[in-house]
């Protein structure tokens, strides 16, 4: 059983790239970080879409990561449940909708999931993160390290203070 | 929403506006004009967002074009990458891309078409096709399909995922990766990668066969589908020199609605002598037409139906058998092209099967030779034509002495279909709109007509059954006769 970190965002739109940037940092650390799950999958996409339900197959836990336009800083974390939420376009599903698609398509209970929303400020077509968003990313990376160590430390369910 | 048209051709007609219809990676809208008998006399599909790629690519180094133009679309970026690279091969000094490069470009293209068609059928159109055009709006979305038809949802997910995995393996990323460059490709995949992907392609074949069978069943079981938004059209598509179905390369062909061949094996680089473009003041999308027929009679359709009608055969066994069955069961009589708009979904699945067969046959090959050549005399102009998932795609560039793009002309598939989509919207509205009540089924039927073309504005035409549409019926005095629609989300 694997642990999945599934981030979405566009690195061409400044702080919208927070999720993919976090994945990049995790990629660098994954082979020398004690306590992380042995079977760890790090996936970065532009948008969560219905086919990402397939990425949940065989997962014991999922961490969705996205940039937040508004909300708490430096980040907010909440547990996510499957919910077939209807939005304007099926090209961009919410984390809840991806979980719902998984349950409906595969007739299985979705793995435990969390959503890490990192606060961003600029979402214009610009290169690089803003200074403040970079600080938030540092904090989010520290939290993610704790989450991964908890996920790699034993059988689920595991509790994690946010 | 009280407007009087200044177009003399529309004088005295009542205007019904559907705004916004959807996004076009942006937005579009539909307006209908009714006569005093409440019949639809004119329909217009307006594209209201300005794209501008042809302008801002100017002044950029030509080698950036295949990377930049991919950003035109998040659904079929590979098509733009390939068309731009083909166009710029001679500019880079490659009269023809080397065989190894062509092979892997073809594999990338097959994966692209497969995942795009899977997306459209399973995720965008299946809610209408499985639940009915008049199903409750709240059910017309992919999650409801997954709940009611989990096996169909699983197949759609698997096919889309597989196609994207091939794209990622060949070009580095699922979206906006790079394989094709002017002169060839940047690198060929390893033999091990090819074998792994080929094994996955084999596993996808049953799902492709099921998809063809499902699309066929849906079409044949519903008599309404044969005449829905029916407008006989001319078709245009590439075929190989021997008439074979070919998504990557070939020459342009045109077939009239009655099956006559109007144009055969026209050199793609000379598209300008075949096709002219006109503009309309009410849309940012141009209206291509066949020069010989003129702007009124010269409209045509591109895409899966055009390709299956125009080719002599498909060079993979199962798809060719499926195509012959499709022709015999859709065309009104032998020798005539298939015309039923909604049979396009079935045609799309036959192409999906063909692409899977191509990938099974080609992924394990390891063509020898260079990936890239620049040995020929460099040109200052190039045209690349390809059959994208939605239809014929044309990229045309001119480059100056400093290797900067000085001219770019792109005719994307959806643009070719502009008039055909307008005609289909009018026909759909004529069938379902009685001129009084603005109903949910009306709104969705218009969306169904547009969606059958799988236009690039499909990002919004498949909105989970509840596109924000506002429809008003206004008489010639400006009095609102009826209003209805769905509210727009924030």
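The values are calculated or read from the model by the stated rules, or taken from the named source; none is laboratory data. Quick caveat, the model's predicted, so the values are computed rather than measured. Reconstructed Cβ throughout: ideal geometry from the backbone, glycine too, with neighbour counts over all protein chains shown.
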Query raised in the report: Considering only residues of the stretch B:172-182 that are more than 10 Å from chain A (Cβ to nearest Cβ) and at pLDDT below 95, which is farthest from residue A:99 (Cα to Cα)?
Result: B:178
Query raised in the report: Quick check, is residue A:42 touching a residue at least 12 places away in the same chain (Cβ under 8 Å), buried (at least 23 other Cβ atoms within 10 Å of the Cβ), touching a strand residue (DSSP E or B) at 6+ places or on another chain (Cβ under 7 Å) and not in a loop (DSSP other than H, G, I, E, B)?
Result: no
**Report entry** Verdict on residue B:200 being more than 10 Å from chain A (Cβ to nearest Cβ) and either in contact (Cβ under 8 Å) with a residue 12 or more places away in the chain or surrounded by 19 or more Cβ atoms within 10 Å (Cβ to Cβ) (or both)
**Finding:** yes
Query raised in the report: Residues in the stretch B:171-188: is at least one buried (at least 24 other Cβ atoms within 10 Å of the Cβ) and at positive phi?
Result: yes
Report task. Would you check if residue B:205 is away from chain A (no Cβ under 13 Å), closer than 25 Å to residue B:366 by Cα and assigned to a helix (DSSP H, G or I)? Result -> yes
**Report entry** Flag if residue A:18 is away from chain B (no Cβ under 14 Å), modelled with pLDDT of 95 or more, closer than 30 Å to residue B:159 by Cβ and buried (at least 17 other Cβ atoms within 10 Å of the Cβ)
**Finding:** no
Query raised in the report: Can residue B:352 be described as in a helix (DSSP H, G or I), surrounded by fewer than 23 Cβ atoms within 10 Å (Cβ to Cβ) and modelled with pLDDT of 95 or more?
Result: no
Report task. Looking only at the stretch A:84-99, decide whether some residue is part of a strand (DSSP E or B), within 27 Å of residue B:138 (Cβ to Cβ) and either within 12 Å of chain B (Cβ to nearest Cβ) or touching a helix residue (DSSP H, G or I) at 6+ places or on another chain (Cβ under 8 Å) (or both). Result -> no
Report task. Search the stretch B:132-160 for residues being in a helix (DSSP H, G or I), at the interface with chain A (Cβ under 8 Å from one of its Cβ atoms) and surrounded by 22 or more Cβ atoms within 10 Å (Cβ to Cβ), and hand back the single one that is modelled with the lowest pLDDT. Result -> B:142
Query raised in the report: Is it fair to say residue B:75 is at the interface with chain A (Cβ under 10 Å from one of its Cβ atoms) and surrounded by 24 or more Cβ atoms within 10 Å (Cβ to Cβ)?
Result: no
**Report entry** Complete set of residues in the stretch B:324-336 that are touching a residue at least 40 places away in the same chain (Cβ under 8 Å) and either assigned to a helix (DSSP H, G or I) or buried (at least 24 other Cβ atoms within 10 Å of the Cβ) (or both)
**Finding:** B:325, B:326, B:329, B:330
Report task. Answer yes if at least one residue in the stretch A:21-42 is closer than 22 Å to residue B:155 by Cα and modelled with pLDDT of 90 or more, and no otherwise. Result -> no
Query raised in the report: Which one of these is within 14 Å of chain B (Cβ to nearest Cβ) and at pLDDT 95 or above: A:63, A:56?
Result: A:56
Query raised in the report: Of (1) touching a helix residue (DSSP H, G or I) at 6+ places or on another chain (Cβ under 8 Å); (2) within 29 Å of residue A:32 (Cα to Cα); (3) modelled with pLDDT of 95 or more, residue A:110 satisfies all except one. Which?
Result: (2)
Report task. Tally the residues that are touching a helix residue (DSSP H, G or I) at 6+ places or on another chain (Cβ under 6 Å) and closer than 26 Å to residue B:120 by Cβ, restricting the search to the stretch A:47-63. Result -> 7
Requested in this report: Keeping to the stretch B:157-187, report how many residues are within 20 Å of residue B:356 (Cα to Cα) and more than 24 Å from the chain's Cα centre (by Cα).
Outcome: 1
